[in-house]
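The values are calculated or read from the model by the stated rules, or taken from the named source; none is laboratory data. All values reported here derive from a predicted model rather than from experimental measurement. Cβ atoms come from the backbone with ideal geometry, glycine included; neighbour counts cover every protein chain shown.
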């Protein structure tokens, strides 16, 4: 009987959705109507007596998929430009809907004489608060469908897309808070109010931590599985286990699932293959979920709760519109956003229905679910009828329909942690024409390494950059105070630079701290750039600290070079996720491209769902940007829609000699949570890697290194002493072979 029930639910739901689409209504409206027809109110085929709770498993699966999918839409980079608007509009809209619904429901109960056996005002207050929390939810799918159909673009559309992405996240957090407060009101009435608030916060924090742990497990799975079928199976198993663990620990499965999705999509690698794999599994589950929800809609219950259902719907509408207006006013949003945004946020479906089922599984709140279900489904039914029409009205009235859609869906690459690969590195002799240092060369390109094996490679890189910057390469070595360093210092560096036709400057920096010594040498010598070699022997943590210190304190670009294999620069692959990153690396790319014949590829990584029109637009945008640059680079532009950034870079790097990337600063928490694309590329891509830090920064914005003037005086004194000793080279002077 259960199998037959599943077959009928799927068939009826699909047929009803097609009919709904004919009338330009969302598919979810058709699903609910199909469930209503099959449930006790209609044909009576789907009832508790016939199928019992055997289909509840599909509800749990759907809930976790919905929550996980919501997390995918909360991308920090896309939301960052709307931070102020999102903060105020999101909070005011959620608070407005919650408060308005709660107050109107409670007042309506008092005025109409609505009663439930053995209930007191405390129970009615809990009922009102729960309905208020559910009223916060929206239906992103219905809203985004309208935007795509209208090809809408503009300030209202961009704000709307950002707010619907986080709105259900806010709803889940509000719901978790209210449920926790409801538990306290019902079970621990003698405790102070602060206890309820504290317990609510602990429940939210616990759910988030559980979601972060789940994301870590999913990341391990992504690293080890490649087939979509395997990813789907593993992902579903992990999400269902997450839901059961959350329920067992009295945490929020929805908030935990949303956190897991949020963490994955904001990782530097942005590997969304598991989302795409689960997307293939979702359609029949969603049909069952919404059709089952409709089957719970009993007309007899609606007669009882009909007034509350209408009040609930009106409360969500008026609360959202008022809250959006208040938030937009505080955030100083454009007039069109203030006027129309609220009307575009009326649809309500998936998360609202999911929250009902979540209540049903809570023993203490299950009695409230019997009253809340018809009320919320009435509101959902009305909002799914009116919501899309209202959203269409808002976008059309704002004049944002019919525009081209071109996104800037990128993620910022962050982090400075590079992992060592093998110590396999060879440098071939310089075979191009000799370089000639300009007579008016000023400044230096400073380079440093503690490993002789990398000395020639760094010297060559620094000399190429020096030629571009019209500067001189300078080798720096940090030695203990009162020592001049061994006579064999700089021999390898000198030989390579001289062979390239240039002259080398050198600097000995006294001091126990290598990072401080490098910073002092850079700041005392007007450096144009700094080149640091990643150690071929495993000393990752030590080098990470050195790189962080240098990048934080110097005022010029810092290049980290990780050599691998035989050093060539004929085929250069440049990886970026936005034009600003390309601009930050441009001078370095131009320097590498300036000597000899090169094949230069610019790889612009975009999300896998980017449309063809958007890809063409981005290709043209990069081409136009290159034309405006003085160097006039000739490059192949590759706008690459990818599910996994790391896999795409690894594939493209097969034909490259050098991979060039940029990396920004990341806080400790951000680095731990989202990792570093650069770090992952260094581990998996077996090519020479150049990572640019600090490029494009305001030279006056860097931190001031303590005792810099004193350090410069000591350096000058040390190297003046070297000039009077029989050392191989002299400081800041042209070296003789």
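What the table below lists for this structure:
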read-out: Boolean, residue 323 is closer than 30 Å to residue 62 by Cα, under 35 Å from the mean Cα position of the chain (by Cα), buried (at least 22 other Cβ atoms within 10 Å of the Cβ) and at pLDDT 80 or above; value: yes
read-out: Unique residue being in a loop (DSSP other than H, G, I, E, B) and at pLDDT below 85 when the list is 189, 180, 200; value: 189
read-out: Region 657-673 - residue that is at pLDDT below 85 and in a strand (DSSP E or B) and, of those, nearest to residue 594 (Cα to Cα); value: 663
read-out: Hey, residue 682 in a helix (DSSP H, G or I), under 27 Å from residue 568 (Cα atoms), in contact with a strand residue (DSSP E or B) (Cβ under 7 Å, 6 or more places away or on another chain) and modelled with pLDDT under 85 or not; value: yes
read-out: Residue count for region 346-365, restricted to those that are within 24 Å of residue 31 (Cβ to Cβ) and either in a loop (DSSP other than H, G, I, E, B) or modelled with pLDDT of 80 or more (or both); value: 5
read-out: Residues satisfying the stated conditions in region 504-514, i.e. touching a helix residue (DSSP H, G or I) at 6+ places or on another chain (Cβ under 7 Å) and either assigned to a loop (DSSP other than H, G, I, E, B) or crowded, with 23+ Cβ neighbours inside 10 Å (or both); value: 504, 507, 508, 509, 511
read-out: Qualifying residue in region 392-408 (condition: modelled with pLDDT under 75, under 38 Å from the mean Cα position of the chain (by Cα) and not in a loop (DSSP other than H, G, I, E, B)); value: no
read-out: Residue in region 201-211 that is within 30 Å of residue 17 (Cα to Cα) and under 19 Å from the mean Cα position of the chain (by Cα) present; value: no
read-out: Condition met for residue 701 (farther than 25 Å from residue 468 by Cβ, at pLDDT below 80 and in a loop (DSSP other than H, G, I, E, B)); value: no
read-out: Residue 464 being under 39 Å from the mean Cα position of the chain (by Cα), at pLDDT 85 or above and under 24 Å from residue 566 (Cα atoms); value: yes
read-out: Lone unmet requirement of (1) closer than 16 Å to residue 64 by Cα; (2) more than 20 Å from the chain's Cα centre (by Cα); (3) touching a residue at least 24 places away in the same chain (Cβ under 8 Å) for residue 233; value: (3)
read-out: Test for residue 493: is it without any contact (Cβ under 8 Å) to a residue 60 or more places away in the chain, in a helix (DSSP H, G or I) and assigned by TED's automatic domain parsing to the domain that holds residue 572; value: yes
read-out: Scope region 515-526; condition crowded, with 24+ Cβ neighbours inside 10 Å and either under 15 Å from residue 458 (Cβ atoms) or free of Cβ contacts under 8 Å to residues at least 40 places away in the same chain (or both); matching residues; value: 518, 521, 522
read-out: Filter result for residue 172 (closer than 20 Å to residue 366 by Cα, crowded, with 18+ Cβ neighbours inside 10 Å and modelled with pLDDT under 75); value: yes
read-out: In region 146-169, residue surrounded by the most Cβ atoms within 10 Å (Cβ to Cβ) [restricted to those that are within 20 Å of residue 67 (Cβ to Cβ) and modelled with pLDDT under 75]; value: 168
read-out: Options 530, 476: the member that is under 19 Å from residue 588 (Cα atoms), under 42 Å from the mean Cα position of the chain (by Cα), modelled with pLDDT of 85 or more and not in a helix (DSSP H, G or I); value: 530
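Conditions tested, residue by residue: (1) modelled with pLDDT under 75; (2) under 19 Å from residue 256 (Cβ atoms); (3) over 42 Å from the mean Cα position of the chain (by Cα); (4) assigned by TED's automatic domain parsing to the domain that holds residue 256.
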residue: 35; (1), (2), (3), (4): no, no, no, yes
residue: 39; (1), (2), (3), (4): no, no, no, yes
residue: 43; (1), (2), (3), (4): no, no, yes, yes
residue: 46; (1), (2), (3), (4): yes, no, no, yes
residue: 49; (1), (2), (3), (4): yes, no, yes, yes
residue: 52; (1), (2), (3), (4): yes, no, no, yes
residue: 55; (1), (2), (3), (4): yes, no, no, yes
residue: 59; (1), (2), (3), (4): yes, yes, no, yes
residue: 72; (1), (2), (3), (4): no, yes, no, yes
